[in-house]
Amino acid sequence: MKLPSFGQPPGKGGPPTTEGPSQPAVDADRGSIAAGRDILNSVALYVENGTILPQEAYGPVADVQAPAGLCNAPATKLFVGRAEALTLLDAALAKPGEVVVQAVHGLGGIGKSSLASHWVRRHHTGNPRWWITADSREAIDTGLADLTRSLQPALAVMPPAFLVERALQWLTAHADWLIVLDNVERPADIASLLDRVGTGRFLITTRRATGWHHTAASVRLDVLARNEALDLFVRVLTDGAARDTAGAAEVCAELGDLPLAVELAAAYCAETGTSPRAYLAMLAHRPAATLAAGTEDGDPDRTIARAWRITLDTLATTPLAVDILRILAWYAPDHIPRTLLTPLAEAPELPTAIGRLTAHSMITDHHDGTLSVHRLVQTLARTPDPTDAHRQPEAIDRARDRAAELLADAFPSNVDDPANWATCRALLPHTDTLTSQHAPEHDTIHTALALNRAANYRREQGALAPAIEVFLRALSTFERMSGEDHPYTFGVRNNLAGAYKSAGNLERAIPMYEQTLADRERVLGGDHINTLTSRNNLAGAYKSAGNLERAIPMYEQTLADSKRLLGDDHPKTLTSLNNLAHAYEAGGDLERAVPMYEQALANRKRLMGDDHPHTLTSLNNLAHAYEAGGDLERAMPMYEHTLANFELALGDNHPNTLISRNNLAHAYTSVGHLGRAIALYERTLADCERALSPGHPIIDVVRTNLEEARSARRSRSRPS
């Protein structure tokens, strides 16, 4: 009969049982044996066939002692760091008593095997310390058979099944041992082994992040700390020789501090004489080829691409999982909102696909609803390779376009609503990363939509320089793909003009506003709501340029049209009312401006509430008009109320908050409270310089006001 291996499922046969402590007896005349507790059926078969068994096959397995210091764990010459993980293993595997099982999981190339080998050789005193490659049941059986051969070399002639069973019995009969099961692919492969053996220690390394709750306590291994990755790179690069290490930290950062990648890159630089900075340039221009480049004596299977292709082959049975990985490759590596993926599939298909990626350590699913992907996984997943079934150029292009579409759908259209700012902040890094990884000519309509909304949010927050750059790219895409007369093109051109106006560049803003208004009147008609917006914006640009003769009639027409088409209470009507009042105030006509401000404020309070940003804007403007009319007694509390509520609603660094704080400081100056004014100006200037784009007009206004307040205080302190 054939002995089953330990790994067979229950009910399919199993190892022979033992009964009692009887000792085997040998009849020398007849050559027969009396089977004792540890004598297996396969032994009897060999006797019947005339095979002479070694004496070691008959003795009780409990009496077999491991040779002193028996250890086959590989050496770890290049091990660095990992103090916390080593401490965790010390604590977990030091517990006495019943069997202890500890799993270390993580991405391929993260250093799980290196950690296990280092700990086994330096931190564990049990005997034996036995290393088994455990990526299949067959490999596990081979490792167990090899253990028996090392424990009892005379049994090496026995069949593999006998050797496996002998190893299992030995492990069951002893306690002070450690077995490392390296690179376990499936928890089920080792379940029977763990169920069979009730003593000793098992240390498991695996890419599987899940599925261990019934089997083992688990530790997630992350990338090296930057200083540890740098230490590893420099040790491999120099290897006792003097070499240029400038740029080594940048290489480690670009490789995401992944131990295998850092080691291979350093070995390549050492062998080829490539400096770290030159390697960095190679990585930027040809990432896939650079990561695949090996050394003369390197193992061709020990590469990043090879390590992950095996996992992707396993995931190929869930095509959506591989599609998701290709999409995630276009975003920033961390804090990817899981909700971005919602349109891809319904439950249970979507969570199942994400779960498979998580289970195989290709992504990390965080409790805050975000996902993370190692940056090298992303690099390979978005780099075409016709020889790799998972990286076909067409599939990667589709993933890039789908990533843009998901961003465009997720980005709020109303970016001036503070309720949407958290979403905008969460999506902004992913929009930036997506568009930094491919040329503008590959932008789609969805790319441009996402860019336009990201730029609108940036302009709203005062980041004018990056907003203008992004608006320009979006406009170029809309013009190329939608044409000069498409509403999308009009919209982004209007937004770009607004960014130029906010930056004080009226020479560019006014012609753009004029072109957009003319185009909208021609294509959409004079009464379209977007045409009214263009007319309002152009009037505002004229007012900023000091051309009130053109601005005021345009504002008046816009207000009349808005009332006729939208009604007195529409938000755009109230905006027109506020803007016309501002133009009258700029022209010194406070008699007309103040009632308009008061009406706009009353309507916004009624419709939006006291603390809505638009209501606060009206309150600020009315306070400014009162101050201009010399009524600081009414203006001051309005300014203070506006500032306090802007800080609550918009934050300390929003442009509206900074303007409000500047206005309150100006009012303090007007009533002679120079100490309070200067302190407020200084705080405002520091916030402006930190939060706004360099050259933002608000910065110059605040700086000028601060110098005037300081000058006034110096003049006051001089003796007459």
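Is it fair to say residue 296 is at pLDDT below 95, among the acidic types (Asp, Glu) and more than 21 Å from residue 389 (Cα to Cα)? Yes. Restricting 102, 55, 65, 152 to those that are farther than 27 Å from residue 256 by Cβ and surrounded by 15 or more Cβ atoms within 10 Å (Cβ to Cβ) reduces the list to 152.
Output the residue which, of all residues in region 407-446 that are more than 21 Å from the chain's Cα centre (by Cα) and of a type in the set (Val, Ile, Thr), is nearest to residue 369 (Cα to Cα). Before you say what the answer is, go through the steps one by one.
Within region 407-446, the subset more than 21 Å from the chain's Cα centre (by Cα) is 413-419, 439-446.
With the extra rule that they be of a type in the set (Val, Ile, Thr), the set shrinks to 415, 444-445.
Numbers: 415: 22, 444: 28, 445: 28 Å.
So, considering only residues that are more than 21 Å from the chain's Cα centre (by Cα) and of a type in the set (Val, Ile, Thr), the one nearest to residue 369 (Cα to Cα) is 415.
Take the residues in region 82-98 that are surrounded by fewer than 18 Cβ atoms within 10 Å (Cβ to Cβ) and touching a helix residue (DSSP H, G or I) at 6+ places or on another chain (Cβ under 8 Å); name whichever of them is modelled with the highest pLDDT. So the residue we want is 86.
The single condition from (1) assigned to a helix (DSSP H, G or I); (2) surrounded by fewer than 24 Cβ atoms within 10 Å (Cβ to Cβ) that residue 499 fails is (2).
Kindly check whether there is at least one residue in region 196-205 that is of a type outside the set (Gly, Ala, Ser), over 20 Å from residue 71 (Cβ atoms), more than 32 Å from the chain's Cα centre (by Cα) and not in a loop (DSSP other than H, G, I, E, B). Full working, then the answer.
First pass over region 196-205, keeping only residues of a type outside the set (Gly, Ala, Ser): 196-197, 199, 201-205.
Cutting the leftovers down to over 20 Å from residue 71 (Cβ atoms) gives us 196.
Now narrow it down to the ones that are more than 32 Å from the chain's Cα centre (by Cα): 196.
Then drop every residue that is not not in a loop (DSSP other than H, G, I, E, B), which leaves 196.
Within region 196-205 (the criterion being of a type outside the set (Gly, Ala, Ser), over 20 Å from residue 71 (Cβ atoms), more than 32 Å from the chain's Cα centre (by Cα) and not in a loop (DSSP other than H, G, I, E, B)), the answer is yes, since at least one residue qualifies.
Yes/no matrix, rows are residues, columns are (1) more than 27 Å from residue 474 (Cα to Cα); (2) touching a residue at least 24 places away in the same chain (Cβ under 8 Å):
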site	(1), (2)
351	yes, no
374	yes, yes
386	yes, no
399	no, yes
421	no, yes
437	no, yes
446	no, yes
452	no, yes
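Taken together, the criteria exclude residue 326 from residues that are more than 27 Å from residue 432 (Cβ to Cβ) and buried (at least 17 other Cβ atoms within 10 Å of the Cβ).
From 587, 540, 630, grab the single residue that is out of contact with any Pro (no Cβ under 6 Å at 6 or more places or on another chain) and on the phi > 0 side of the Ramachandran plot. Full working, then the answer.
Details: 587 fails: on the phi > 0 side of the Ramachandran plot; 540 fails: on the phi > 0 side of the Ramachandran plot.
The conditions single out 630.
One residue stands out in region 613-652 among those that are acidic (Asp, Glu) and assigned to a helix (DSSP H, G or I): the one that is nearest to residue 591 (Cα to Cα), namely 627. Scanning region 456-489 for residues that are in a helix (DSSP H, G or I) and within 19 Å of residue 698 (Cβ to Cβ) turns up 456, 457, 458, 459, 460, 464, 465, 466, 467, 468. Total residues in region 240-268 satisfying the condition of being within 15 Å of residue 374 (Cβ to Cβ), assigned to a loop (DSSP other than H, G, I, E, B) and either out of contact with any Pro (no Cβ under 8 Å at 6 or more places or on another chain) or among the acidic types (Asp, Glu) (or both): the figure is 3.
For region 614-629, the count of residues that are touching a Gly at 6+ places or on another chain (Cβ under 8 Å) and outside the structural domain of residue 658 (by TED's automatic domain parsing) is nonzero. Residue check: residue 381 meets all listed conditions (1) within 25 Å of residue 441 (Cα to Cα); (2) assigned by TED's automatic domain parsing to the domain that holds residue 308; (3) surrounded by fewer than 17 Cβ atoms within 10 Å (Cβ to Cβ) but one, namely (3). Within region 358-368, not a single residue is in a helix (DSSP H, G or I) and closer than 24 Å to residue 290 by Cα. Within region 327-339, the set of residues being farther than 21 Å from residue 376 by Cβ and either outside any strand (DSSP E or B) or not assigned by TED's automatic domain parsing to the domain that holds residue 397 (or both) comprises 338, 339.
Every residue, every condition in (1) surrounded by fewer than 20 Cβ atoms within 10 Å (Cβ to Cβ); (2) over 13 Å from residue 232 (Cα atoms); (3) in contact with a helix residue (DSSP H, G or I) (Cβ under 8 Å, 6 or more places away or on another chain), yes or no:
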{"residue": "247", "(1), (2), (3)": "yes, yes, yes"}
{"residue": "250", "(1), (2), (3)": "yes, yes, yes"}
{"residue": "261", "(1), (2), (3)": "no, no, yes"}
{"residue": "279", "(1), (2), (3)": "no, yes, yes"}
{"residue": "282", "(1), (2), (3)": "yes, yes, yes"}
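Suppose the filter is within 35 Å of the chain's Cα centre (by Cα), of a type outside the set (Val, Ile, Thr), at negative phi and surrounded by fewer than 21 Cβ atoms within 10 Å (Cβ to Cβ); does residue 135 pass it? Yes. Within the set 364, 317, 311, the sole residue that is crowded, with 16+ Cβ neighbours inside 10 Å and farther than 22 Å from residue 434 by Cα turns out to be 311. Taken over region 661-708, the criterion of being closer than 25 Å to residue 468 by Cα, among the hydroxyl-bearing types (Ser, Thr, Tyr) and in a helix (DSSP H, G or I) is satisfied by 684 alone.
Of the residues 328, 312, which single one is among the aliphatic types (A, V, I, L, M) and at pLDDT 90 or above? Before the answer, list the steps.
Values: 312 fails: at pLDDT 90 or above.
On inspection, the qualifying residue turns out to be 328.
Of all residues in region 557-582, those satisfying the criterion of being surrounded by 15 or more Cβ atoms within 10 Å (Cβ to Cβ) and touching a residue at least 40 places away in the same chain (Cβ under 8 Å) are 572, 574, 576, 578, 579, 581. Scanning region 157-195 for residues that are outside any helix (DSSP H, G or I) and within 30 Å of residue 314 (Cα to Cα) yields 178, 179, 180, 181, 182, 183, 184, 185, 186. Pairs linking a residue in region 471-495 that is among the hydroxyl-bearing types (Ser, Thr, Tyr) to a residue that is in a helix (DSSP H, G or I), with Cβ atoms under 6 Å and 6 or more positions apart or on different chains, are 477/448; 482/488; 482/489; 488/478; 489/478; 489/479.
Residue-by-condition table, conditions (1) surrounded by fewer than 18 Cβ atoms within 10 Å (Cβ to Cβ); (2) closer than 23 Å to residue 85 by Cα; (3) out of contact with any strand residue (DSSP E or B) (no Cβ under 7 Å at 6 or more places or on another chain):
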position: 188; (1), (2), (3): yes, no, yes
position: 203; (1), (2), (3): no, yes, no
position: 207; (1), (2), (3): no, yes, no
position: 212; (1), (2), (3): no, yes, no
position: 220; (1), (2), (3): yes, yes, no
position: 227; (1), (2), (3): yes, yes, yes
position: 244; (1), (2), (3): yes, no, yes
position: 265; (1), (2), (3): no, no, yes
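So, in region 118-132, of the ones that are in a helix (DSSP H, G or I) and buried (at least 21 other Cβ atoms within 10 Å of the Cβ), which residue ends up farthest from the chain's Cα centre (by Cα)? If we take residues in region 118-132 being in a helix (DSSP H, G or I) and buried (at least 21 other Cβ atoms within 10 Å of the Cβ), then 120 is farthest from the chain's Cα centre (by Cα).
The values are calculated or read from the model by the stated rules, or taken from the named source; none is laboratory data. Predicted, not measured: the structure shown is a model, and the values here were computed from it. Heads up, the Cβs are rebuilt from the backbone with ideal geometry, glycines too, and the neighbour counts pull from every protein chain shown.
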